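The structure under discussion appears below in the form of structure tokens.
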Amino acid sequence: MVLSKTASESDVSIHSTFASRYVRTSLPRFEMPENSIPKEAAYQIINDELMLDGNPRLNLASFVTTWMEPECDKLMMESINKNYVDMDEYPVTTELQNRCVNMIARLFNAPLGDGEAAIGVGTVGSSEAIMLAGLAFKRQWQNKRKAQGLPYDKPNIVTGANVQVCWEKFARYFEVELKEVKLREGYYVMDPEKAVELVDENTICVAAILGSTLTGEFEDVKLLNDLLVDKNKQTGWDTGIHVDAASGGFIAPFLYPELEWDFRLPLVKSINVSGHKYGLVYAGIGWVVWRTKSDLPDELIFHINYLGADQPTFTLNFSKGSSQVIAQYYQLIRLGFEGYRNVMENCRENMMVLRQGLEKTGRFNIVSKENGVPLVAFSLKDSSRHDEFEVAETLRRFGWIVPAYTMPADAQHVTVLRVVIREDFSRTLAERLVADFEKVLHELDTLPARVHAKMANGKANGVKKTEEETTREVTAYWKKFVETKKSNKNRIC
């Protein structure tokens, strides 16, 4: 005799995931569901939605690392449950962070003696690092002004208009006036001479960018330092420099070792760098280091003891995972100077392959320089029929994510496309991308021009068409285009 029972609807053990009721009915999107669901169903529901995201490897808009070695992935997963701030509970993790700070400070030529510890901290990214460095400059300036009996309520900071938005956030959040050096066509970084002209007694520092987000170009920190030295001598001020090396900090030491941009320059007081960019770690790690201990005011450092021991802390965030710190240490000892140099040289070579391939199409003007962050920024030679935004949108059909954007003031009339070359962007992908650009351009050439472009041409010729005339013209054009496509298809069949 065989004993059996009828399975209830709630018995999911006999159902496949996609046949279960949990996947066949919609879950609430903005409220917590009343009942639990099996772990398999929860995973599948979320995984299915995430499939609609872009492929990180093909996201050429981002500077952020999208590939690491499996051994490092394993280390990160094994440490994902460690809280970075629990220094007493996780002393080895704290030690690894300190080692990273010292390695990076020495990479940037900090003036440290034998056995002397560097001053710095790990952050969530360069945005937090910039906030901390900016706060240090602001407090230093305020303390000096107070000691001199001078007003200290109107601090300002000088940057180029090409800075990342985190600088605007710093200025707004911490009430510092942002004085921007405007750009001009053909020159898309901060002009050191114009920057120094903007410096006054209320300037807390000048921020220089080592690797502009727009074009990858390095600003001339050496010239900025020399001009500021002269101005400080003339005025009696001591305005310093912060270098935002978010993108270029892990590039310049390996590709351009003779370039003076770091603590070799006396007015460079602090530097930030993104470990999750060319530091080759997944998103979530940045670093800020100071020249000397005196450049970081003591009153900004907090001491806590409720986690088991006295712990100094200088961060905007508190609890966070330890995985990225451990991953950074892995990369530093795994690759060493030789390995980082090889990776950066390979990125530069692949950048040249892409750059030359785009030039050979004859359709683009290359805006970026050959030196700097390995990226290619370029614009269409002829955008009268179709612009860079249409190229970027059409390219997505091939899986590529390539941004199109306008330059900041006073070069906002210039529109560019940009491809960032990361470690995992191979020569094969570079060649494939060029081929896909050619396909996109050929396809756009067969499409009718943008309506607003046709109207603009009409106005330029002095012929002002009515809205009805314009509509009839565009409709006729599209009708002809569709009929041509149909006839071509019939001939092929």
Original post:
All but one of (1) open to solvent by 70 Å² or more (accessible area, probe 1.4 Å); (2) out of contact with any Ser or Thr (no Cβ under 8 Å at 6 or more places or on another chain) hold for MET77; which doesn't?
Top reply: (2)
Original post:
Which condition breaks for GLY284 when tested against (1) open to solvent by less than 20 Å² (accessible area, probe 1.4 Å); (2) under 22 Å from THR66 (Cβ atoms)?
Top reply: (1)
Original post:
Is it the case that TRP261 is buried (at least 24 other Cβ atoms within 10 Å of the Cβ), without any contact (Cβ under 8 Å) to a residue 60 or more places away in the chain, part of a loop (DSSP other than H, G, I, E, B) and not polar (S, T, N, Q)?
Top reply: yes
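This table checks each residue for (1) modelled with pLDDT of 95 or more; (2) touching a His at 6+ places or on another chain (Cβ under 9 Å); (3) on the phi < 0 side of the Ramachandran plot.
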position: LEU300; (1), (2), (3): no, no, yes
position: ASN305; (1), (2), (3): no, no, yes
position: GLN311; (1), (2), (3): no, yes, yes
position: ILE326; (1), (2), (3): yes, no, yes
position: GLY336; (1), (2), (3): yes, no, no
position: ARG341; (1), (2), (3): yes, no, yes
Subject >> Selected residue [more than 27 Å from VAL158 (Cα to Cα), of a type in the set (Lys, Arg) and at pLDDT 95 or above] from ARG139, ARG99 >> reply: ARG99
Original post:
Do you know which residues across the range 89-101 are open to solvent by 20 Å² or more (accessible area, probe 1.4 Å) and touching an Asp or Glu at 6+ places or on another chain (Cβ under 9 Å)?
Top reply: THR94
Original post:
Looking only at residues in the range 45-63 that are more than 23 Å from GLY372 (Cα to Cα) and in contact (Cβ under 8 Å) with a residue 40 or more places away in the chain, which one is most open to solvent (accessible area, probe 1.4 Å)?
Top reply: ASN55
**OP:** State the number of residues belonging to the range 322-361 that are open to solvent by 40 Å² or more (accessible area, probe 1.4 Å) and more than 21 Å from TYR278 (Cβ to Cβ).
**Re:** 3
**OP:** Report yes if some residue within the range 218-232 is touching a residue at least 60 places away in the same chain (Cβ under 8 Å) and either open to solvent by 10 Å² or more (accessible area, probe 1.4 Å) or closer than 20 Å to SER127 by Cα (or both); otherwise report no.
**Re:** yes
**OP:** Take ILE209 and decide whether it is touching a helix residue (DSSP H, G or I) at 6+ places or on another chain (Cβ under 6 Å), among the β-branched types (Val, Ile, Thr) and on the phi < 0 side of the Ramachandran plot.
**Re:** no
Subject >> Output for the range 399-420, where each listed residue is closer than 22 Å to THR159 by Cα, in a loop (DSSP other than H, G, I, E, B) and open to solvent by 20 Å² or more (accessible area, probe 1.4 Å) >> reply: PRO408, ALA409, ASP410, GLN412, HIS413
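Return the residues of the range 241-296 that are among the β-branched types (Val, Ile, Thr) and within 22 Å of the chain's Cα centre (by Cα); say none if nothing qualifies. Step through it out loud before you land on a result.
So in the range 241-296, the residues among the β-branched types (Val, Ile, Thr) come out as 241, 243, 251, 268, 271, 273, 281, 285, 288-289, 292.
Answer for the range 241-296, where residues must be among the β-branched types (Val, Ile, Thr) and within 22 Å of the chain's Cα centre (by Cα): ILE241, VAL243, ILE251, ILE271, VAL273, VAL281, ILE285, VAL288, VAL289.
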Original post:
Taking the range 175-189, which residues are touching a helix residue (DSSP H, G or I) at 6+ places or on another chain (Cβ under 8 Å) and surrounded by 21 or more Cβ atoms within 10 Å (Cβ to Cβ)?
Top reply: VAL176, VAL181
Original post:
Wholly within the range 20-114, which helices (runs of 4 or more DSSP H) include no fewer than the required count, namely at least 1 residues that are in the same structural domain as VAL273 (by the TED database), farther than 30 Å from SER212 by Cα and charged (D, E, K, R)?
Top reply: 70-78, 91-107
Subject >> Of all residues in the range 154-174 being more than 26 Å from VAL414 (Cα to Cα) and touching a helix residue (DSSP H, G or I) at 6+ places or on another chain (Cβ under 9 Å), the one that is most open to solvent (accessible area, probe 1.4 Å) >> reply: TYR173
**OP:** Examine the range 381-398 for a residue that is buried (at least 17 other Cβ atoms within 10 Å of the Cβ), at pLDDT 95 or above and within 25 Å of PHE250 (Cβ to Cβ), and state whether such a residue exists.
**Re:** no
Subject >> Every residue from the range 151-174 that is without any contact (Cβ under 8 Å) to a residue 12 or more places away in the chain and in a loop (DSSP other than H, G, I, E, B) >> reply: PRO151, TYR152, ASP153
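The values are calculated or read from the model by the stated rules, or taken from the named source; none is laboratory data. Keep in mind it's a predicted model, so treat the numbers as computed, not measured. Reconstructed Cβ throughout: ideal geometry from the backbone, glycine too, with neighbour counts over all protein chains shown. Accessible surface areas use protein heavy atoms only, side chains included; no ligands, DNA or RNA. Shrake-Rupley method; radii C 1.70, N 1.55, O 1.52, S 1.80 Å.
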